[in-house]
């Protein structure tokens, strides 16, 4: 939630002040969750796919832990940066294939701030198709605030954001806000609506609110009898 959109003058003034402060202590809300992903990897680690791999930061980290890692992104600029970052890694493939064009089985599928760009139900159906039994889906996502609980989490994220920024980037930078290098799209589904789709498509999946305006989804495909 962008609290600068709220109309009360005092709220807007405070929000603008926070935005200015945050721009002086920038940090990547998406990269922040890479540690969570690496801490929740499946036991079998042969093949991994990162959907919407961006500049390839997570792909490079996964390449240290899997025999092969496939990063996909529809943005040509992102693919160039990802290919450059992983050029020395022989076990990495970067291309523009869509989720429904991929072939499995794979042991891990990751999405960081990607699911809200896709047809959610179709994307999760493809996840079930691609994962090997025992394989894991790890997603970090965004949802529109649709309840008081969602708004409370967004406010908590707004309050803690500058604290995390100072810890991660203590030396202030100048020049004002820098636009993200990747395509940005506001989420349309609220947390509860998204959770209902996740529960129907990935039975047993765990979806949780997180700080930094994010949520996480964990699902492990059941092993064969």
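Each reported figure results from applying straightforward, stated rules to the coordinates on display, with no laboratory input. It should be emphasised that the depicted structure is a prediction, and the values quoted were computed from it without experimental measurement. Because the Cβ atoms are built from the backbone with ideal geometry, glycine has one as well, and the counts that use them run over all protein chains shown.
Observations on the model:
- Neighbour-count ranking [beta-carbon atoms within 10 angstrom, fewest first] of 157, 147: 147, 157
- Distance from the alpha carbon centroid of the stretch 68-86 to that of the stretch 92-141 works out to 16 angstrom.
- Efficiency of FRET between residue 224 and residue 193 - r from beta-carbon atoms, R0 35 angstrom, step 0.05: 0.65
- Contour excess over end-to-end distance, with Cα ends at residue 31 and residue 65 and 0.36 nm allotted per residue: 10.5 nm
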